[in-house]
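> Okay, here's the structure, questions in a sec.
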Amino acid sequence: MASLILFPAKSVTGTRSETSPPGLLFSGGVGRRRSVVQVGFRNQRLFTVRSALDSLETNVSDMSVNAPKGLFPPEPEHYRGPKLKVAIIGAGLAGMSTAVELLDQGHEVDIYDSRSFIGGKVGSFVDRRGNHIEMGLHVFFGCYNNLFRLMKKVGADKNLLVKDHTHTFVNKGGEIGELDFRFPIGAPLHGISAFLSTNQLKTYDIARNAMALALSPVVKALVDPDGALRDIRKLDSISFSDWFLSKGGTRMSIQRMWDPVAYALGFIDCDNISARCMLTIFSLFATKTEASLLRMLKGSPDVYLSGPIRKYIEDKGGRFHLRWGCRQIIYDRSLDGEIHVTGLALSKATDKKVVTADAYVAACDVPGIKRLLPSQWRESKFFDNIYELVGVPVVTVQLRYNGWVTELQDLEQSRQLRQATGLDNLLYTPDADFSCFADLALTSPEDYYIEGQGSLLQCVLTPGDPYMPLTNDKIIERVSKQVLALFPSSQGLEVTWSSVVKIAQSLYREGPGKDPFRPDQRTPVKNFFLAGSYTKQDYIDSMEGATLSGRQASAYVCGAGEELVALRKTLAAVESQDGTKSQNLIDELSLV
C-alpha cells in the first residue's frame, strides 16, 4: 500500500511563489505527478493527501552504495556461537537498537530503565490532559540509513511523512529563505543548484560560500567517500567557523545560514562545533540526492517510533523492566588484575535486586554513563576519557495557538479552525533563540492536530543555558514574543496551552578536539559494552548515531560469544568454590 504524505489543503511556502504546475513536484531530482485525494482521520480532520512512493526502499537512496563503510556497515553474518543472556541498561534508541540486533541473532535480552516510558531522548509521554509531550524535535534526514533499516524491520517505516525537498529559513518579519533541493537532476547538481540559488544569502556570500565548499573534502567524497571521511575526521580539532572562514567563507553566511543548521544538529553554533560534525553532513548531502530530504513522524514518537520497536522486541522474547534503575555495577578483579562485571544492583521504589548476565550493555547518555561507572574504573584511560565529554543543555517548548501561526499569505485562513494551514516542514531561523521549530499540527497531525484548535509550535531553545534557571511562565513569555517577531501576521492569536521540557545535558558537546574522547562500544572489561550516540561511530550524536552505535555494540557482543561463555563458567566455578568455603565455615561455627 502506498504511504501517504500529508499537507494542508492550502499549501504555503511563505513569500516564495510556486512555479511548478499543480500536482507536479520535484523530489530527489525526479519530477513525479501525485494524485490528490481527500482523507478523513479519526479526529474527522480532512487533509489533502498526495500519494507517495511505495516504501522507504524506493523513496530513499541506497546509502550503502559508494558510501563510507563506517557509516553504513553491511548486514551482520548469522551468529553460530552459544546463546547469550544480555542485560541492557537504558531503553533509549541505542539500547533498543542493540536489543533488536541481539534478538535477531538468537540471544536472550532484558532491558532496564529508571523511567516509566521508553525512548530516552526520543521518548514522549501523555500528560493528564491528553497532550503528547516530547523530549525534543525529531527530524529524519534521508541519510538516516541505519535508522530507516531499523524502522523497516519493525514495521515503523510507514509512519514517516516526507516533506518538500527544501530547507526553509524563517527570518524576522516573516521573510522566507530557502535551500531548495528540488531539481530535475540529482546529486551533486541538485545541491549546487540549491546553494547557488538560495535567497537566504546575498550574492557575495553565495559566491564565497561556494568557494569554501569547493575547497572542502566534500568534493573528494564524490569519488572517494572513505578517503573523504578520513580527511573529515582530521578536521575535528578545529571549529567549523575557523575552517569555513579559512577557505573563503563569510561571517554573514555563518550567521544567516550555518549557525541555525549547527544549532539544529548539535545545539551549539559554528564557533563551537567541530568542523568534522558539519562536514560529515555536507559530504552526505553532496553525494546522495535524498540525504537532505526531511521526514517527520506522523504522530508522537512513543506511538510511531518507540512503540513498534518495543513490540518487535517483545515479540522476539525480549523483556522491558521500566522504573528499574541501575544503582551500581558489581564487579570483581581476577588475580591477573582483569576486571569483570558480576551483576547489576537495581532498585524500583523500595524494591531491590541483583541481576546477572553473560554480557552487560550500558546504553546511556553522557551524564548517565558518568553516574553509572564505578569511580575506580577511571584508572583506565579508556573510561577516564568519557569524563572529558559534557552534554549541552536544551529546552523544548510547545505552544498551542487558537489559529495558524505560520500561515503567511492569507490572514483570514490563519484565523479559521476548520482546516490546518501553514508551513508543513522543519523550519530554521537565525533571528530567535530557538534555532529550529515546526508546527506539529501540520507536520505530525495524527496526534498533534486537534479539531477546533490551531498550531502546535515546538521550538528548540539552543543554547539552553540562559533559559535553564527561568520559570516556565517566563520562558513561554519570551518564546511567544520571538514567535510574533518572526510571524507578525500572528498578532492577536493567543497561546491556549504550553509545555516546557528542560534537559540539563542532552547531546554531547561536539566541540573541536572532542572526537578522540568518544569511547568504543567494546571496553577493557570483557563482559561490559557501551552503546549510545556519544560513543565512537562515524556519524554525529543523533538518532542515526544512536542506532548505528547499537549495531556496533551488538556486533562486539556476538564477536565475543565464546569468550563470554567461558567467562561465565569461570565465574560460576569461583562462586561455587566460595559457596563451599562459606558452608564449611558455617559447619565449623555450628560445631562450636
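Coordinate-derived values only; no laboratory data. Predicted model, so just to flag it, every value in this text is computed and none were measured. Cβ placement follows ideal geometry from the backbone for every residue including glycine, while neighbour counts extend to all protein chains displayed.
> Give a residue-ordered list of calculated ³J(HN,Hα) values for the range 287-293 (Karplus: 6.51 cos²θ - 1.76 cosθ + 1.60, θ = phi - 60°; whole Hz; x for Gly, Pro).
9, 10, 3, 9, 4, 8, 7
> A further question follows. Helix-only estimate, please: 222 nm mean residue ellipticity of the chain, summing -39500 (n - 2.57) across DSSP H runs of length 4 or more and dividing by its residues, to the nearest 500. Working shown, then result.
On the way: 19 runs with 184 residues, N = 592.
One gets -9000 deg cm²/dmol as the mean residue ellipticity at 222 nm.
> Given R₀ = 56 Å, what would the calculated FRET efficiency be for Thr356 paired with Val223, taking r from the Cβ atoms and rounding to 0.05?
Rounded to the nearest 0.05, the efficiency is 0.65.
> Whole-Hz ³J(HN,Hα) for each residue in the range 560-571, computed from phi via Karplus 6.51 cos²θ - 1.76 cosθ + 1.60 with θ = phi - 60°, x for glycine and proline: what do you get?
Couplings: 9, x, 4, 5, 5, 5, 4, 5, 4, 5, 5, 5 Hz.
> Quick check on the exposure proxy: order Leu179, Leu201, Leu335 from fewest to most C-beta atoms within 10 angstrom.
Leu335, Leu201, Leu179
> Taking the alpha-carbon distance from Lys121 and a cut-off under 14 Å, which aspartates and glutamates remain once sequence neighbours fewer than 8 residues away in the same chain are dropped?
Asp113, Glu134, Asp302, Asp365, Asp541, Glu544
> State the label only: which of (i) 1.02; (ii) 1.78; (iii) 1.32 corresponds to Cα Rg over 2.2 N^0.38 Å computed from the shown model?
Read-out from the structure maps to (i).
> Turning to a different aspect of this structure: Pairing the Cα long axis of helix 203-214 with the longest principal axis of the chain, what angle in degrees results, from 0 to 90 and rounded to the nearest 10?
Taking the Cα atoms of the chain, the angle to 203-214 is about 30 degrees.
> Within the set of other residues whose C-beta is less than 13 Å from the C-beta of Val154, count the net charge using Lys and Arg as +1 and Asp and Glu as -1.
My count for the surroundings of Val154 gives +2.
> Also, I was wondering about something else. For a test of the definition: using alpha carbon positions, the gyration tensor, and the 1.5 limit on a/c, classify the range 152-274 as rounded, prolate or oblate.
Since a/c stays below 1.5, the shape of the range 152-274 is classed as rounded.
> Set the Förster radius R0 to 51 Å, insert the Cβ-Cβ distance between Lys481 and Lys348 as r into 1/(1 + (r/R0)^6), and round the FRET efficiency to 0.05.
The computed FRET efficiency comes out at 0.75.
> Let me ask another. Sort Trp404, Trp258 by Cβ crowding within 10 Å, fewest neighbours at the top. It would help to have the intermediate numbers written out before the result.
Values: Trp404 30, Trp258 20.
Placing the least packed residue first, the sequence is Trp258, Trp404.
> Could you pull out the pairs from Lys234/Lys514; Lys234/Lys381; Lys83/Lys569 whose alpha carbons sit more than 19 Å apart here?
Lys234/Lys381
> Give the percent of DSSP beta bridges with both residues in the chain that are antiparallel, rounded to the nearest 5.
Here the antiparallel bridges make up roughly 75 percent for the chain.
> Under the 0.36 nm per residue contour assumption, what length would be gained going from the current alpha-carbon distance of Leu470 and Arg319 to full extension?
50.4 nm
> Lys353: which lysines have alpha carbons under 20 Å from its alpha carbon, excluding same-chain residues fewer than 8 sequence positions away?
Partners within reach: Lys85.
> Which whole-number percentage describes the relative contact order of the range 178-219, with Cα contacts under 8 Å and a sequence gap of 6 or more?
33 percent
> Under 1.5 on a/c is rounded, so check that first for the range 433-592, then, if it is not, pick prolate when a/b is larger than b/c and oblate when it is not; a ≥ b ≥ c are the square roots of the alpha carbon gyration tensor eigenvalues. Mind showing how you got there, number by number?
Details: a/c = 3.18, a/b = 2.41, b/c = 1.32.
Prolate is the answer for the range 433-592, as a/c is 1.5 or above and a/b outweighs b/c.
> If the chain between Lys69 and Arg327 were fully stretched, how many nm would it gain, using 0.36 nm times the residue separation less the Cα-Cα distance? Please list the in-between numbers first.
Working: separation 258, 0.36 × 258 = 92.88 nm, distance 3.70 nm.
Computed gain between Lys69 and Arg327 is 89.2 nm.
> Right, next: Give me the number: length gained by fully extending Ser375 to Val574, i.e. 0.36 nm times residue separation minus the C-alpha to C-alpha distance, one decimal in nm. Could the numbers behind the result be given before it?
Details: separation 199, 0.36 × 199 = 71.64 nm, distance 2.51 nm.
The Ser375-Val574 span can extend by a further 69.1 nm.
> I'd like the FRET efficiency for Glu388 and Arg418, computed as 1/(1 + (r/R0)^6) with the beta carbon distance as r and R0 of 41 Å, rounded to 0.05.
0.15
> Sticking with the crude label model, points 7 Å out along Cα→Cβ, report the distance from His78 to Lys152 in nm, one decimal please.
For the pair His78/Lys152, the computed spacing is 2.1 nm.
> Let me ask something else. What are the ³J(HN,Hα) couplings of the range 439-445, residue after residue, when phi is run through the Karplus curve with 6.51, -1.76, 1.60 and θ = phi - 60°? Round to Hz, x for glycine and proline.
Whole-Hz 3J(HN,Hα) from phi for the range 439-445: 8, 5, 5, 9, 6, 9, x.
> Let me ask something additional. Exposure proxy check: Ser455, Ser283, Ser114 ranked by fewest other beta carbons within 10 Å? Walk me through the numbers before you get to the answer.
Working: Ser455 31, Ser283 27, Ser114 18.
In order of increasing Cβ crowding within 10 Å: Ser114, Ser283, Ser455.
> Going by the alpha-carbon gyration tensor, a ≥ b ≥ c the square roots of its eigenvalues, is the range 291-378 rounded (a/c under 1.5) or, if a/c is not under 1.5, prolate (a/b greater than b/c) versus oblate?
Taking the square roots of the gyration eigenvalues as a ≥ b ≥ c, the range 291-378 is prolate.
> Using label points projected 7 Å from each Cα along Cα→Cβ, tell me how many nm separate Lys311 and Glu562, to one decimal.
4.0 nm
> What residues have an amide H closer than 5 Å to that of Ser435, excluding those fewer than 5 places away on the same chain, when H is modeled at 1.01 Å from N in the peptide plane?
Val460, Thr462
> Okay, moving on. Consider a paramagnetic label point 7 Å from the Cα of Ala504 along Cα→Cβ; state which residues of the range 118-162 have an amide N under 20 Å from it.
Answer for the range 118-162: 120-123, 135-136.
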